[in-house]
Amino acid sequence: ARALNLDSMLSLTRILVPTDFSPCADQALSHAAFLARDAGAALHLVHVVPVAAGYPMAGVRAEETEHRSEVRSRLYDLVEAHDLGDLEVEVHIDRGDDGVGATLLQAADRVDADLLTLGTHGRQGVRRFFLGSEAEEVIRGADRPVLAVRQQDDAQTPSTVDHVLVPVDLSEHSLVALDHAVELARRYEADLRLLHVVQPGPNYDLPGIYQGALPPQTDVVDALTRNAHQELNDLIEQVALPAERIHKDIRHGNPPVEILDTVAEEAVDMVVLASHGRSGLERFLMGSVAEKVIRSAPVPVFVVKAYGTSLVSRES
């Protein structure tokens with residue numbers, strides 16, 4: 001197993017938090033404020049006004065000016081309601097000429113945000129801000145980590161995050177996610193659970209006539225399981241958390257299904273995972289496992305972009 005970043009620290013300077021003034025966006029803001037306080041980071045609170053027929057921002061300049069004033073007032077009301085007076089907070093109102101998702105990505109670039117924290121099921125006027133449209137576009141297109149917070153009936157606060165799950169497929173990308181998960185578990189004072197899912201290789205889908213040349217499937221799965229136990233044990237030895245706060249699971253089956261089952265069965269409060277999508281020409285690709293988990297997980301999902309920036313840096 002590759003060595004973990006034991007001298008690491010969570011490097012957070014600027015957090016971008018989109019809001020449509022929904023309860024979901026408020027829940028995301030609570031997590032952003034917690035991380036900002038812990039890291040001494042600035043919060044950039046942004047509201048994107050979609051430019052659409054009948055929407056005030058698409059009307060005459062007088063309406064636009066009046067609406068901006070109203071939005072700015074609501075943003076400062078949020079600062080007061082969330083008791084953010086001890087933090088550095090900047091508010092932004094952006095026209096969504098290129099669409100809400102694209103405008104948020106532009107805002108992240110403009111303020112050089114280290115992290116985006118967004119709700120995934122709020123509403124904005126007659127438009128939905130939900131995974132599958134604007135939120136999905138942001139998560140796919142961001143070249144930096146994203147904390148996606150799904151709206152919950154019982155509002156989750158940072159103080160209720162007691163169990164952090166990190167799926168580890170033993171690739172370099174998943175180990176970077178593990179670095180982040182360790183740091184987040186420290187800050188939330190949460191237990192950390194490492195999960196590895198063993199699944200049969202594609203060769204075992206071949207017709208039976210070809211199977212004779214291959215080792216029995218059970219032998220392969222057993223070998224993979226033994227190897228996973230050893231690899232996870234090696235990683236756990238490097239994790240700078242008390243032993244009683246570290247757990248491991250090895251499951252067999254379809255990775256996204258097993259990840260979601262673990263969330264439900266182990267009362268997981270946050271998932272940290274790597275998205276294997278690339279930037280550049282493939283910027284809007286996201287790994288299928290990550291996409292399925294983000295779509296279905298009932299808890300916040302912290303997405304570490306495999307080809308994006310990292311929040312975990314070595315101390316000099």
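The values are calculated or read from the model by the stated rules, or taken from the named source; none is laboratory data. What you see is a predicted model; the values in this text were computed from it and never measured. Don't worry about glycine lacking a Cβ; one is built from the backbone with ideal geometry, like all the others, and counts go over all protein chains shown. In case anyone asks, the SASA skips ligands and DNA or RNA and just uses the protein heavy atoms, side chains included. Shrake-Rupley method; radii C 1.70, N 1.55, O 1.52, S 1.80 Å.
Please enumerate the residues belonging to segment 222-257 that are farther than 22 Å from residue 184 by Cα and in contact (Cβ under 8 Å) with a residue 60 or more places away in the chain.
255
Residues being without any contact (Cβ under 8 Å) to a residue 60 or more places away in the chain, buried (at least 18 other Cβ atoms within 10 Å of the Cβ) and not in a helix (DSSP H, G or I): count how many of those fall in segment 95-117.
Residues that pass the stated criteria total 1.
Can you tell me how many residues in segment 245-277 are open to solvent by 60 Å² or more (accessible area, probe 1.4 Å) and among the polar types (S, T, N, Q)?
Result for segment 245-277: 1.
Please indicate, with yes or no, whether at least one residue in segment 42-65 is at pLDDT 60 or above, acidic (Asp, Glu) and out of contact with any Gly (no Cβ under 7 Å at 6 or more places or on another chain).
Among the residues of segment 42-65, not one is at pLDDT 60 or above, acidic (Asp, Glu) and out of contact with any Gly (no Cβ under 7 Å at 6 or more places or on another chain), which makes the answer no.
Considering only segment 141-181, state which residues are farther than 27 Å from residue 251 by Cα and in a helix (DSSP H, G or I).
141, 158, 159
What's the total number of residues in segment 219-252 that are in a helix (DSSP H, G or I) and farther than 14 Å from residue 192 by Cα?
Residues in segment 219-252 being in a helix (DSSP H, G or I) and farther than 14 Å from residue 192 by Cα: 14 in total.
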